[in-house]
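The numbers here are math on the coordinates, done by the rules we state, and not lab data. A quick note: this is a predicted structure, and the numbers were derived from the prediction, not measured. FYI the Cβ positions are ideal-geometry reconstructions off the backbone, even for glycines, and counts take in every protein chain you see.
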Amino acid sequence: MNNPKLSIIDTHAHMDADEFALDCDAVIARAMESGVNRIITCGTGVESSEKVIALAEKYSQVYAAVGIHPQEIAGVLQADISRIAELAKHPKVVALGEMGLDFHRPNVDRNRQIQILKWQLDLANELKLPVIIHNRQATSEMIHILNDWITKSHTQSPGVIHCFQENITNARIFLEMGFYLAFGGYIGYPNSPLQEIIKGIPENRLLVETDCPYLPPQKYRGKRNEPAYITLTVEKMTEILGTTAEQVGKQTTENAMRLFKL
Ligand SMILES: [Zn+2]
């Protein structure tokens with residue numbers, strides 16, 4: 001799809017993934033042709049955070065978030081948080097993350113995940129940066145931790161719950177705390193309950209993202225996802241909200257600019 005009037009920010013990509021190693025230039029070019037004018041690429045560990053900064057230096061349209069993903073906590077020490085803090089001072093770093101809790105797999109060390117999440121939340125508070133939260137099958141623990149953090153930090157604009165796939169009750173809890181909710185290609189999967197949920201979310205808290213190379217939209221399921229495919233998510237959101245693609249692009253862009261101070 002090539003719509004010259006569209007302007008979209010992909011608020012969550014993993015451009016440092018091996019899947020993009022061979023054709024990153026072409027992927028970025030296709031994104032720009034589709035109307036994606038900025039891409040926030042998220043680190044998942046120290047090395048990955050260094051890589052996303054290098055990408056942000058190479059491409060003017062790419063911004064970086066640095067952090068440690070809950071599935072990448074093996075061997076992580078508090079010293080690594082100091083390294084993340086150093087990286088976060090780079091002028092193109094707009095958030096801390098991807099951080100969070102993932103209790104999906106049976107043998108994860110939940111206490112360790114919680115500890116490393118709390119270290120990063122404290123750092124976000126210190127650096128006054130928004131956070132990008134990954135939450136999978138850990139909602140009650142997550143709400144508890146974020147509530148404590150927000151009470152302590154007094155932040156009005158704490159960050160985004162990325163890849164939101166929950167019910168409206170939990171959506172309201174996160175909204176009440178000040179979070180934005182980001183949605184990806186999965187909102188177009190057949191019978192997705194999220195289509196109803198999106199209608200209940202204030203438009204000034206909606207963000208779009210790809211989480212590429214993961215979670216492709218229905219049309220590309222089983223294939224690599226990339227930022228250009230975000231137009232399919234925008235189209236779906238347009239249909240759900242009964243508006244135009246330009247309006248969804250404009251509103252979600254304004255939201256992303258406000259949250260990430262772009
Ligand atoms: Zn991600």
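Some values worked out for this structure:
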quantity	calculated
Alpha-carbon spread of segment 1-103, three principal axes, descending order, Å	46, 30, 24
Paramagnetic label zone (point 7 Å from Cα along Cα-to-C-beta, ASP122; backbone N under 19 Å) in segment 151-171	151-155
Calculated FRET efficiency for the pair LYS250/ALA26, C-beta based, R₀ 30 Å, to 0.05	0.65
Options GLY184, GLY75, ASN204, ranked by Cα towards positive dipole end of the chain, top entry (Cβ charges)	ASN204
Relative contact order (%) - criterion: Cα under 8 Å, at least six apart; region: the chain	21 percent
Linear extension gain, SER140 paired with ASN167, 0.36 nm per residue minus alpha-carbon span	8.4 nm
Tensor-based shape of segment 56-101 (alpha-carbon gyration tensor, a/c under 1.5 rounded, otherwise prolate or oblate)	prolate
Over the chain: helical MRE at 222 nm, DSSP H runs n ≥ 4 each giving -39500 (n - 2.57), nearest 500	-13000 deg cm²/dmol
Anchor LYS5: lysines whose Cα lies under 16 Å away (excluding residues fewer than 8 positions away in-chain)	LYS250
Potential extension, GLU47-TYR220 segment - 0.36 nm per residue separation minus Cα distance	59.4 nm
Hull-based mean projected area of the chain, where the convex hull spans the alpha carbons, in square nanometres	12.8 nm²
Pairwise centroid distance, computed over Cα atoms, of segment 73-89 with segment 222-262, Å	31 Å
In nm, spacing of pseudo-spin labels at ASN191 and ASN37 (7 Å Cα→C-beta vector)	4.0 nm
Computed log₁₀ I(q)/I(0) - Debye formula, equal Cα scatterers, no solvent, segment 186-227, q 0.14, 0.28 Å⁻¹	-0.38, -0.99
Within straight-line cross-link reach of LYS152, aspartates and glutamates at Cα separation under 15 Å, skipping those fewer than 8 residues along the same chain	ASP122, GLU126
Among 132-139, 62-69, the order from most to least packed when residues are scored by Cβ within 10 Å on average	62-69, 132-139
